[in-house]
Amino acid sequence: MFRIHKRCQGLAVLVAAAMALTGCGSSGSGSSASPSASGSAQSKDVTIITHDSWNMSKSVIAEFTQQTGYRPKFISQGDAGAVVNQMVLTKDSPLGDAVFGIDNTFAGRAVSAGVLDSYTPSALPASAESATQGTDGRLTPIDQGDVCINADDAWFAARKLTLPVTLDDLTKPAYKNLLVVSSPATSSPGMAFLAATVGAKGENGWQSYWTSLRNNGVKVDKGWEDAYNVDFSAGEGKGKYPLVLSYSTSPAFTVSKDGTTTSTSALLQTCFRQTEYAGVIHGARNPAGAKAFIDFLLSKRAQADIPGQMYMYPIDSTVPLPAEWKKFAPLASDPIKVDPETLSANRNSWIKEWTETVQG
């Protein structure tokens, strides 16, 4: 998961675990402290595979190094789906020690592929326990957010066109050629939106819904960056589509300088709850360092950094949120749900059907 809020759009894709951190997520400043006893015989370097929206404040990462002695290095592998694909492809020679950014739409594939080791932090907050369903103890929930359709409010106001509210509204002639989404085959928000349509329309009804969207001129991009920052009319590219698939927190990024208004809004009846996880990679060279990093991600310091850096809600519900989030970035009160086991069992077949239905 944001996002010109960009979930760090400038993060480069690295090709070797030994390469230095990108400008979006930097390594700690180093420490003379030794790693914890469990990792004393291992390197102080710990490599974390991430999606391309990973970001965390340098000072927070430096605190991890100061506390543990481990020096984190980050490798971006693209979207969450690409992260899982790469982990499967490199299963016999893993690229890192820990992974961050696998979400609940791809978790089942990662678990079933055997690319993760079991690990449950002792400090898992109570608010995270429900998000562990379907993870087989191999993934730790770190943050969450709602994938929803967003609207360019100024565009609609200028044309005196009422904003759509529901999924069904998006298929109406009034909104023809106005919506851009990302592909579920290559994008975790895209997969979340496909799951939302399955949850709302049923396993025998979502195909006809997508046919209606296709006939109403929906554009499909490869990923969130292209959809929001290129094609969305309120994104930095000032595109021609005033409706875009993004997050319920995205409007908190488009707030006015005085903090009183925002130029975009999320359609909260179109939302699917997304959870992002971290895990220990099977075959990791430094599993102790990987576990230490996952533990740190659940710390109050790291959890409090998540909203401002990745525009997601911390999984620990006791962590204070930015003031503007209550007004401009609420979670949906009743997000669309799909049982994790059902999602895991059907994800590949749904993507295949979606491809045949929407892209021919």
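The values are calculated or read from the model by the stated rules, or taken from the named source; none is laboratory data. Bear in mind that the values here come from a model prediction, so they are computed numbers and not experimental data. Glycine also receives a Cβ, built like all others from the backbone with ideal geometry; neighbour counts cover every protein chain displayed. Note: accessible area is taken over every heavy atom of the protein model, side chains too, but ligands, DNA and RNA are not part of it. Shrake-Rupley method; radii C 1.70, N 1.55, O 1.52, S 1.80 Å.
Of 257, 172, all but one fail to be closer than 23 Å to residue 325 by Cβ, basic (Lys, Arg) and open to solvent by 40 Å² or more (accessible area, probe 1.4 Å); the exception is 257. If you go through the stretch 112-131 one residue at a time, how many are of a type outside the set (Asp, Glu), modelled with pLDDT under 95 and part of a helix (DSSP H, G or I)? Result for the stretch 112-131: 3. Could you please let me know if residue 351 is open to solvent by less than 30 Å² (accessible area, probe 1.4 Å) and closer than 30 Å to residue 72 by Cβ? No; evaluated as a whole, the condition is false for this residue. Residues in the stretch 283-298: is at least one within 28 Å of residue 194 (Cβ to Cβ) and either touching a helix residue (DSSP H, G or I) at 6+ places or on another chain (Cβ under 6 Å) or assigned to a loop (DSSP other than H, G, I, E, B) (or both)? No, the stretch 283-298 has no match at all.
Would you confirm whether or not the stretch 139-151 contains a residue that is assigned to a helix (DSSP H, G or I) and open to solvent by less than 40 Å² (accessible area, probe 1.4 Å)? No, that holds for no residue. Out of (1) in contact with a strand residue (DSSP E or B) (Cβ under 9 Å, 6 or more places away or on another chain); (2) surrounded by fewer than 20 Cβ atoms within 10 Å (Cβ to Cβ), what's the single condition that is false for residue 164? Here residue 164 meets the rest and fails (2).
Being at pLDDT 95 or above and of a type in the set (A, V, I, L, M) is the filter here, so list the residues in the stretch 75-94 that pass it.
First pass over the stretch 75-94, keeping only residues at pLDDT 95 or above: 75, 87-94.
Matches in the stretch 75-94: 75, 87, 88, 89.
Residue pairs whose Cβ atoms lie under 8 Å apart, sitting 6 or more positions apart in sequence or on different chains, and linking a residue in the stretch 161-176 that is β-branched (Val, Ile, Thr) to a partner that is part of a loop (DSSP other than H, G, I, E, B), are 171/216.
Scan the stretch 299-319 for residues that are modelled with pLDDT of 95 or more, under 17 Å from residue 58 (Cα atoms), open to solvent by 10 Å² or more (accessible area, probe 1.4 Å) and out of contact with any helix residue (DSSP H, G or I) (no Cβ under 7 Å at 6 or more places or on another chain) and the total you get is 3.
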